[in-house]
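Bear in mind that the values in this text are calculations on the coordinates, not laboratory data. Here the structure is a predicted model, which means the values were calculated and not measured. No Cβ is skipped: glycine too gets one built from the backbone with ideal geometry, and neighbour counts run over all protein chains shown.
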């Protein structure tokens, strides 16, 4: 009898110990609770001045201010605003005829967004020799003034205004009101374009969990988008889905183009920064329930206070905090990230070479009066798709790490389409010499167009 009593007691102790460990683990991973005291100041709805919010939430505000100066680079990214055109001269060719071939800098921290958008040379776009001043739509992801302006003007009227017309009303860079509801501090959708895109998929963001919202709020800005119609209405191409194939199908159906590539006649698409679409396309971390904020805004402590750091930057810069919450061997994790990014970077450059070769072949074929128009149009269509697919990976700010398998699959298909485009261009004029590779200059200038075959 004593033997069984001992077994029962040991069993009870093990069960209680396991339960205690489970409770403690659960409590450890819970977000900090809202303060049980009155706020020091009342925050007006859609208050654009983040310093006001900072009176009630000093830790979050202090950490967010660091985004103004955290200009540390990682191997393939960072926030020093380096020039992609200098780092990768092929992109001068890839974006020829478009403003990105003249000015394409990497993004700095959130508090620099307003300053940087006003300095970019892309404010004036050149299309078909007609200079047009860009619309206020370009302010959409740059300022905490926007939620209030959208509520006041409506997004349609906002987007129809020119950039310079809107400037006097924009005084604050990205801030608290872009993600939070004043008073409750709930994470919310503030960009009307995101709300419309979710509704187009039959989704109601107000039903999402807090953990889901720690990713969805990033989609207020970190997404693929385009300016629709003459009013430059901000639109996310998600009506058919958020995966790349669905986005391409959307653009094909709408016939949208950002610009026409010079000397090839290809109607081109420019990808923006599809972090949300890439991460949510079945990535390992997304499937495990990890949010954007878990890695880019990890929980930290200041004495007894636990809060989400708002110094948003690459997790590689604070791997112990960002990765160490889930991974015990942080050095191994950082090594794996480096391996993945090296592979994606090398593959991406190979894809660029294939697209440049396709461009040169199409240029030569288009200059030939005897070119088969049908084959040439097919080559153009493949060029359009191949470059957008490459750009979907290139413009996404993780060098593939947000979804490595997806990124490599996209680049492989992009290379395939580019080589098919090159082949079709050569076939359109019966000139197999157009299948030559590597015909571009190291400084990024386009190679000379071959003399048309009679």
Peptide ranges 344-354, 168-178, 319-329, 386-396 listed from the most packed, as the mean C-beta count within 10 angstrom indicates: 386-396, 168-178, 344-354, 319-329
Give the distance, in whole Å, between the Cα centre of the stretch 220-274 and the Cα centre of the stretch 323-392. 17
Out of these labelled values of semi-axes √(5λ) of the Cα gyration tensor in Å, (i) 31, 28, 21; (ii) 45, 29, 19; (iii) 35, 24, 20, which was calculated from the coordinates shown here? (ii)
Length-normalised contact order of the stretch 130-243 in % [C-alpha pairs under 8 Å, at least 6 apart]: 27
Using a 7 Å offset from the Cα along the Cα-to-Cβ direction at both residue 317 and residue 80, what is the distance between the two label points in nm, to one decimal? 1.2
What relative contact order, as a whole-number percentage, does the chain give when Cα pairs under 8 Å and 6 or more residues apart are counted? 15
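Pop the C-beta distance of residue 69 and residue 121 into the FRET formula with R0 = 22 Å and round what comes out to the nearest 0.05. All intermediate terms of the calculation are to be shown ahead of the outcome.
Working: r = 24 Å, r/R0 = 1.09.
In this case the efficiency is close to 0.40.
Where does each of 283-291, 305-313, 185-193 land if you order them by average Cβ count within 10 Å, highest first?
On the way: 283-291: 14.6, 305-313: 18.8, 185-193: 20.3.
For the peptides 283-291, 305-313, 185-193, the packing ranking is 185-193, 305-313, 283-291.
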What do you get for the angle between helix 244-254 and the principal long axis of the chain? Use alpha-carbon atoms, 0 to 90 degrees, nearest ten. 50
Measuring from label point to label point, each 7 Å out along Cα→Cβ, what is the residue 102 to residue 405 span in nm? 4.4
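Can you order the peptides 333-342, 265-274, 135-144 by their average number of other Cβ atoms within 10 Å per residue, highest first? Kindly include the intermediate steps, with their values, before the conclusion.
Working: 333-342: 16.0, 265-274: 20.2, 135-144: 23.0.
So the peptides 333-342, 265-274, 135-144, ranked by packing, come out 135-144, 265-274, 333-342.
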Over the chain, the sum of -39500 (n - 2.57) across DSSP H runs of at least four, divided by residue number and rounded to 500 deg cm²/dmol, gives at 222 nm -13500 deg cm²/dmol
